Amino acid sequence: MVRIEQASTKYDILVQLLRRGQATAQELADVLQVTPQAIRRHLKDLEQEGLIQHVVQGGSMGRPQHQYTLSRQGRAQFPNRYGEFAVDLLATLHKTLGREQLGQILAHQWQSKAMAYREALGQGDLASRIERLVQLRRSEGYMAESQVTPKGFVVTEHTCAIAAVAETFPRVCDHELELFATALPDCTVERTHWIVDGEHQCGYLVRPRS
């Protein structure tokens, strides 16, 4: 695995692509306050290292633009806390116990975690609880953030701490959704984006019940 030093502009580029999904050289230059020429040099290096890729799209005045995105290897620069061991363990349990019993075990595990979340979030206004939720997720290896929109609070996770598990057992993502709903019992929680479905992030819309 190629490693990029976190203090470098290259790493900042990877972080921005992780957050945005895609960006042009000019957009990256603007947000990182680096000259477009320097950004393009970094982008060329990152592409040669296999960490990013680009597609050509039509721009203003008919000029084509390069839209850059992370490659699979680029995403691997943001490690998570789970890996092959967890996948192998679940596969063994699935083979030994069967699908139904494994599902019951996972449901029990996530319910326990959801109750721990609810206790950790405590009482108070929704904005404070959302912020505590984001901090919890970050402590578990998710690159999480939140923002207020006209529709409600949006919690976005740019990395998934259980990505390897979710790819093999996507049912765990339903438990993640249930976890949020249990931790915020006075709210409705709706998935808006899903990495397993090919999107560059997972997202949840949280709204207080009427």
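The values are calculated or read from the model by the stated rules, or taken from the named source; none is laboratory data. In this text, all values refer to a predicted model and were calculated from it rather than measured experimentally. For neighbour counting, all protein chains shown are included, and Cβ atoms are generated from backbone atoms with ideal geometry for every residue, glycine included. These accessible areas exclude ligands, DNA and RNA; they are computed on the full protein's heavy atoms, side chains included. Shrake-Rupley method; radii C 1.70, N 1.55, O 1.52, S 1.80 Å.
Which whole-Hz ³J(HN,Hα) couplings does segment 89-106 yield from phi under the Karplus relation 6.51 cos²θ - 1.76 cosθ + 1.60, θ = phi - 60°, glycine and proline marked x?
Ordered by residue, 3J(HN,Hα) equals 5, 5, 5, 5, 5, 4, 6, 7, 9, x, 4, 5, 5, 4, x, 5, 5, 5 Hz.
If you average 1/r over every pair of different alpha-carbon atoms in segment 115-160 and take one over that average, what Kirkwood value in Å do you get?
Numbers: mean 1/r = 0.0908 Å⁻¹.
Here the Kirkwood hydrodynamic radius works out to 11.0 Å.
Sum -39500 (n - 2.57) across every DSSP H segment of at least 4 residues in the chain, then divide by the residue count to get the 222 nm mean residue ellipticity, nearest 500.
Values: 9 runs with 107 residues, N = 210.
Rounded to the nearest 500, the figure is -16000 deg cm²/dmol.
Return the ratio Rg/(2.2 N^0.38 Å) for the chain, where Rg is computed over Cα atoms only.
Details: Rg = 19.5 Å, N = 210, 2.2 N^0.38 = 16.8 Å.
Output field value: 1.16.
Calculate, in nm to one decimal, what Thr188 and Gln33 gain on full extension: separation in residues at 0.36 nm each, minus their alpha carbon distance.
Details: separation 155, 0.36 × 155 = 55.80 nm, distance 3.88 nm.
Computed gain between Thr188 and Gln33 is 51.9 nm.
Taking H placed 1.01 Å from N in the peptide plane, check which residues at least 5 places from Ile52 or on another chain put their amide H under 5 Å from its amide H.
For Ile52, the qualifying residues are Glu47, Ser71.
With a probe of 1.4 Å, find how much accessible area the chain has per residue, and write the answer as a whole number in Å². Don't jump to the answer; show the numbers that get you there.
Working: 12090 Å² over 210 residues.
Averaged over the residues of the chain, the accessible area is 58 Å².
In sequence order, what are the phi-derived ³J(HN,Hα) couplings for segment 8-17 according to the Karplus relation 6.51 cos²θ - 1.76 cosθ + 1.60 with θ = phi - 60°, rounded to whole Hz, with x for glycine and proline?
Rounded to whole hertz, the list is 8, 5, 4, 5, 4, 5, 4, 5, 5, 5.
Relative contact order of the chain, please, whole-number percent, based on alpha carbon pairs below 8 angstrom and at least 6 residues apart. All intermediate terms of the calculation are to be shown ahead of the outcome.
On the way: 277 pairs, mean separation 35.4, N = 210.
Worked out over the chain, it gives 17 percent.
Name the residue farthest towards the positive end of the dipole of the chain from the options Ile39, Ala161, His94, assuming +1 on Cβ of Lys and Arg, -1 on Cβ of Asp and Glu, about the Cα centre.
Checked the options; the winner is Ile39.
Using θ = phi - 60° and the Karplus curve 6.51 cos²θ - 1.76 cosθ + 1.60, what whole-Hz ³J(HN,Hα) does each residue of segment 178-184 get, with Gly and Pro shown as x?
Couplings: 5, 4, 4, 5, 6, 5, 10 Hz.
For Lys10, go through the aspartates and glutamates and keep the ones whose alpha-carbon is under 13 Å away, minus same-chain ones fewer than eight residues off.
Partners found: Asp45, Glu47, Glu49.
At 0.36 nm per residue, minus the direct Cα-Cα distance, what do Ala181 and Thr96 gain on full extension? Give it in nm, one decimal, please. Before the final figure, lay out each step's value.
Details: separation 85, 0.36 × 85 = 30.60 nm, distance 3.08 nm.
This chain segment gains 27.5 nm when fully extended.
Can you sort Met115, Met143 by solvent-accessible area, 1.4 Å probe, largest first?
Working: Met115 85, Met143 45 Å².
Descending order: Met115, Met143.
Would you list Lys151, Lys113 from the most to the least accessible area, probe 1.4 Å? Walk me through the numbers on the way to the answer.
Details: Lys151 150, Lys113 45 Å².
Correct descending sequence by accessible area is Lys151, Lys113.
Taking the Kirkwood radius as the inverse of the mean 1/r across Cα pairs, report the Rg/Rh of segment 143-189. Write down the numbers at each step before the final one.
Numbers: Rg = 12.1 Å, Rh = 12.0 Å.
Here the Rg-to-Rh quotient is 1.01.
For Trp194, list long-range residues whose amide hydrogen, built 1.01 Å from N in the peptide plane, is under 5 Å from its own amide hydrogen.
Those lying under 5 Å, H to H, from Trp194 are Glu199, Gln201, Gly203.
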